[in-house]
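Chemist: This is the structure I want to talk about, given as structure tokens.
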Amino acid sequence: MLVSVTTDFQTSQPILVLGSGPAGLAAGACLQQAGLPFLILESASELAPVWRRHYDRLHLHTDRKRSGLPGLPMPADYPQYPSRDQVVAYLDQYAKHFQLPIQFGQKVLKAFPEEGLWHLQTEDRTWSCQHFVVASGWTRQAFRPKWPGEADFGGPILHSSEYRNAEAFRGQKVLVVGFGNSGGEIALDLFEHEASASLSVRSPVNIVPKELFGLPLLAWSIPLSKIPPRLADALTWLPRRLRMGSPTQYGLPAAPFGPMTQVARFQRIPMIDVGVLAPMRRREIQVYPDILRLHPGEVEFQDGRRQPFDAVIAATGYRPALGEFLQAPAKVLDEQGRPVQPEALPAAPGLWFCGFDVSPSGMIRKIGQEARALSAALSRELQKQA
């Protein structure tokens, strides 16, 4: 690592960036290239802690060429879809390449504006800055629903953030709750390693291929993102249907809108197939509706069926949970603690966000665009204040 945990910086900074994941690193690199002074604060003892904790099988669902951060592309010898460890190595190299200043071990407990500055309280000090860039990302807090009867179930119930690999589940019946990209990939990982995997799917879904006509998904979604979502969905309906079929063929409830509309309306990426649909089509991975309650060694579903399971994995996503520490003015955050205005514009005096805009053109690619816009806007703001 470039910066050690014990390195101490001045607690008063012109710009503080919260988080050392892709958004925080990209923001830092762009601020540095613009000649702006800043410091990145990270709660963990190493950068990109969320990426380091992801499950072993994880690969990017977007291609390498379109998934690099500003100023340093991913290595040319990486495969088309880099692994978790390759992404982590790239982020480490990115921080070293730009010599980004990072203060580790600084979990922000409270951030609030006072007398024209933002103040950030951590466990051992208080920081202050003119401009506070929140780049802590969507995955700050795991979201896991509570089901009646959990105490009686008897088997492990864990969130996908706690899942590493299928080794502990060989020969077991495992229910994966949720059919986002983590849920689909974890179910496939279990299936490929001799576990009996099933899925519980509550909401209607859209499914899209990782590649279409030999081209990565982003080769299609980037140009399509420039037109209205409903038109993009209409133009791609036939090729998607010919390639993937209908979700109902796999026992899934079909969404009444297309994938581009889903992203625009709900800020939720459609399920990108990495291979899980094939065993689902053969009914080797069963699909059940939402959970009603748990019983000893069994799960009861909303349709009345009861099935035995050894373990439950909740692939039910994350929440930014910014409201837990950020004392922002009214209407800056929604009821789930997400930025109402995620673009690189000041949401309130001195308060900025980077990395919260869910985009069909690729999250990492979008982060780069936001970071560039952020540094340009901050440059103009600081020039006005000079």
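The values are calculated or read from the model by the stated rules, or taken from the named source; none is laboratory data. A quick note: this is a predicted structure, and the numbers were derived from the prediction, not measured. All Cβ positions, glycine included, derive from the backbone under ideal geometry; neighbour counts span all protein chains shown.
Chemist: Collect the residues in the range 308-327 that are assigned to a strand (DSSP E or B) and either farther than 13 Å from W138 by Cα or in contact with a Ser or Thr (Cβ under 8 Å, 6 or more places away or on another chain) (or both), keeping them in residue-number order.
Modeler: P308, A311, V312, I313, A314, Y318, L326
Residue-wise test of (1) modelled with pLDDT under 85; (2) surrounded by 16 or more Cβ atoms within 10 Å (Cβ to Cβ); (3) in contact with a Cys (Cβ under 6 Å, 6 or more places away or on another chain); (4) not assigned by the TED database to the domain that holds I40.
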{"position": "Q336", "(1), (2), (3), (4)": "yes, no, no, no"}
{"position": "E343", "(1), (2), (3), (4)": "yes, yes, no, no"}
{"position": "G350", "(1), (2), (3), (4)": "no, yes, no, no"}
{"position": "F353", "(1), (2), (3), (4)": "no, yes, no, no"}
{"position": "D357", "(1), (2), (3), (4)": "no, yes, no, no"}
{"position": "G362", "(1), (2), (3), (4)": "no, yes, no, no"}
{"position": "R365", "(1), (2), (3), (4)": "no, yes, no, no"}
{"position": "E370", "(1), (2), (3), (4)": "no, yes, yes, no"}
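Chemist: Does the range 242-285 hold any residues that are assigned to a strand (DSSP E or B) and surrounded by 16 or more Cβ atoms within 10 Å (Cβ to Cβ), and which are they?
Modeler: Selection gives M271, I272, D273.
Chemist: I'd like to verify a number: residues in the range 159-192 that are surrounded by 14 or more Cβ atoms within 10 Å (Cβ to Cβ) and not in a loop (DSSP other than H, G, I, E, B), how many?
Modeler: The qualifying residues number 22.
Chemist: So which residues in the range 65-117 are small (G, A, S), more than 13 Å from L25 (Cα to Cα) and surrounded by fewer than 18 Cβ atoms within 10 Å (Cβ to Cβ), if there are any at all?
Modeler: If the condition is that a residue be small (G, A, S), more than 13 Å from L25 (Cα to Cα) and surrounded by fewer than 18 Cβ atoms within 10 Å (Cβ to Cβ), then A76, S83, A89, G105, G116 are the ones that fit.
Chemist: Please state which one of G183, G178, G154, G105 is in contact (Cβ under 8 Å) with a residue 60 or more places away in the chain and either among the basic types (K, R) or assigned by the TED database to the domain that holds F356 (or both).
Modeler: G105
Chemist: Could you look through the range 69-96, keep only residues that are over 18 Å from G19 (Cα atoms) and either touching a residue at least 60 places away in the same chain (Cβ under 8 Å) or in a helix (DSSP H, G or I) (or both), and pick out the one that is nearest to the chain's Cα centre (by Cα)?
Modeler: Out of the qualifying residues, it is R84.
Chemist: Filter the range 18-54 down to the residues that are at positive phi and part of a helix (DSSP H, G or I) and list them by number.
Modeler: The answer is none; no residue qualifies.
Chemist: Further question: Kindly indicate whether any position in the range 354-376 is without any contact (Cβ under 8 Å) to a residue 24 or more places away in the chain, in a helix (DSSP H, G or I) and under 18 Å from the mean Cα position of the chain (by Cα).
Modeler: Yes; the residues of the range 354-376 include at least one that is without any contact (Cβ under 8 Å) to a residue 24 or more places away in the chain, in a helix (DSSP H, G or I) and under 18 Å from the mean Cα position of the chain (by Cα).
Chemist: Right, another one. Which of the following residues is under 21 Å from P22 (Cα atoms) and basic (K, R): R380, R319?
Modeler: Just a single option satisfies the conditions, and that option is R319.
Chemist: Let me ask another. What number of residues within the range 91-116 are of a type in the set (D, E) and over 28 Å from V332 (Cβ atoms)?
Modeler: Matching residues across the range 91-116 total 1.
Chemist: I would also like to ask the following. Being of a type outside the set (A, V, I, L, M, F, W, C) and within 19 Å of S182 (Cβ to Cβ) is the filter; apply it to the range 286-311 and report the residue that is surrounded by the most Cβ atoms within 10 Å (Cβ to Cβ).
Modeler: Y288
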